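Engineer: Can you read through this structure? Questions will come right after.
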Amino acid sequence: MPPPKPGVIPLAPLSLGDILGGAFSTMGRYWKQLFGIGAAVYGGAVVVVGAAVAIAYSAVSDHLHRVVELSAEESASTEDIAPLVIAFGAVWLVALVSLMIGTAMMYATVPAVLQDAVLGRRTTFGIIWRRAWARVPAVIGTVILTGLITLIPFVFMMVAMVSVIVAAVGLDAGSGAAALISLGFLGALATFPLAAWLWVKFSLAPSAVVFEGQSPISALRRSSQLVRGDWWRIFGISLLALIMAAVVSYIIQIPFSFLGLFPGMVSTANLDSDPSVAAVIVAVSGYLVAMLLGQLIGQLVSATFPQLVTGLLYVDRRMRNENLGPVLAEAAAAPPQFGP
């Protein structure tokens, strides 16, 4: 007798086909909630960053114009460089915080949608938004902790990259730079397997935050417990989902790149021999808008599909380890207000 399937997956241990099929089915049935919230959070992030750029430009425009208009023989003064560095740092910080909140919202939205998709229940944009937004702080804490834990290889790689740049410009061509380069690359190679192991070990933590209401540290422990004994399978399926999302995202961005080339070519052809910064920005604005739209749509796919796969892996591990299938079947048969 086949297992019950009230929603997007059968309520039994899942195969690769069940997980991928469930992810695609969830995107098809709940696309309004998934992509609607994604467009809202990432579009809002773009607006916030754009406002930060406009404010920063209005504050340091005089300094920027003086630096841009310098000849090759002239050097910028500290009075002009310092405000530009501060403005750039402020914009970068705003962009980082906006992207983190948007990504955390998507990490919380996907499990919130799966809670209804697995049971075959209908839901609304407002319900998913409230359910996901309530868990965003805990998801942010989980993402930050996971990022800090897996940061070591990237620190080694940054040491190597800085050393390469220093050696390339001739600031230090001695044995010290070569030693730093070797240390950086060897350290990155040695610690990359550890980072990959930790990434998979804690990959189910955002789902645990939303499904079970766990705190960040408890969610990391819960993820470690669920992944134990099935690391390679979770790693392979997660990596496959990332590759599939990256390919689809790249394909989506191609037509937007071509669409942006035509207005950009026409506008730049009308520039003077010595255009101002504002004129250049206006000339390439069509291309930038097209690229931004393509990036936004691609980001929606790359932020949604892998998380759907990860969320279904979480459900699969609980059905395998904790016999969750009968509990879900009973919840699916009950009226929505009595379900978990």
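Engineer: Exactly one condition in (1) more than 19 Å from Ser207 (Cα to Cα); (2) assigned to a loop (DSSP other than H, G, I, E, B); (3) not hydroxyl-bearing (Ser, Thr, Tyr) is false for Ala82; which is it?
Structural biologist: Among (1) more than 19 Å from Ser207 (Cα to Cα); (2) assigned to a loop (DSSP other than H, G, I, E, B); (3) not hydroxyl-bearing (Ser, Thr, Tyr), the lone unmet condition for Ala82 is (2).
Engineer: Among the residues of segment 208-245, which ones are of a type in the set (S, T, N, Q) and in contact with a Leu (Cβ under 8 Å, 6 or more places away or on another chain)?
Structural biologist: Ser223, Ser238
Engineer: Tell me, which residue of segment 167-226 that is among the β-branched types (Val, Ile, Thr) and at pLDDT below 90 is farthest from Arg131 (Cα to Cα)?
Structural biologist: The selected residue is Val169.
Engineer: Further question: Output the number of residues of segment 101-132 satisfying the condition of being surrounded by fewer than 16 Cβ atoms within 10 Å (Cβ to Cβ) and either acidic (Asp, Glu) or touching a residue at least 24 places away in the same chain (Cβ under 8 Å) (or both).
Structural biologist: The total comes to 4.
Engineer: So, one more: I'd like to know if segment 57-80 contains one or more residues that are touching a residue at least 60 places away in the same chain (Cβ under 8 Å) and of a type in the set (Phe, Trp, Tyr).
Structural biologist: no
The values are calculated or read from the model by the stated rules, or taken from the named source; none is laboratory data. Quick caveat, the model's predicted, so the values are computed rather than measured. Glycine gets a Cβ as well: all are built from the backbone with ideal geometry, and neighbour counts include every protein chain shown.
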